[in-house]
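The values are calculated or read from the model by the stated rules, or taken from the named source; none is laboratory data. Every value quoted in this text rests on a predicted model; they were computed, and no experiment measured them. Quick reminder, even Gly has a Cβ in these numbers, built from the backbone with ideal geometry, and neighbours come from all protein chains shown.
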Amino acid sequence: QKAFLSTLNESERQTVLKPLLSTGWAMTEGRDAIQKNYQFTDFNQAFGFMTRVALKADKMDHHPEWFNVYNRIEITLSTHDCQGLSKRDIELAKFCDTLIKN
Ligand code: HBI
């Protein structure tokens, strides 16, 4: 679905972005992007998380920017096609958080 993606407008930022910022997501310095750090019990758990996010990302055709070392993952979400945050970033962020059992 190549529907033109636009960046989130101000009201969308208040309604769908803001709640994420209170669940550990933060705006990335100098970018219209959000990022979050996850820590798992071990690499096996971390990579399992990455695997599930990767499959979702490919299904969405929307891919994360991420870094992994052992049990830690730093994930950054932004939409390259519109150089900013779009609804796809919100969807993928929420998906990531559904995978975490706290
Ligand atoms: N992932 N984060 C992100 N942003 C994009 O704009 C994007 C993507 N994955 C695939 C994709 N765009 C394709 O639609 C384009 O590369 C053609």
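Looking across segment 1-15, not a single residue is within 16 Å of the ligand (Cβ to nearest atom), modelled with pLDDT of 95 or more and surrounded by fewer than 12 Cβ atoms within 10 Å (Cβ to Cβ). The set of residues in segment 37-69 that are within 16 Å of the ligand (Cβ to nearest atom) and in contact with an Asp or Glu (Cβ under 8 Å, 6 or more places away or on another chain) comprises M60, H62, W66, F67.
Any idea how many residues of segment 76-90 are more than 11 Å from the ligand (Cβ to nearest atom) and either within 9 Å of the chain's Cα centre (by Cα) or without any contact (Cβ under 8 Å) to a residue 24 or more places away in the chain (or both)?
So the count comes out to 1.
A count restricted to segment 16-57 and to residues that are farther than 17 Å from C82 by Cβ, among the hydroxyl-bearing types (S, T, Y) and surrounded by 11 or more Cβ atoms within 10 Å (Cβ to Cβ) stands at 2.
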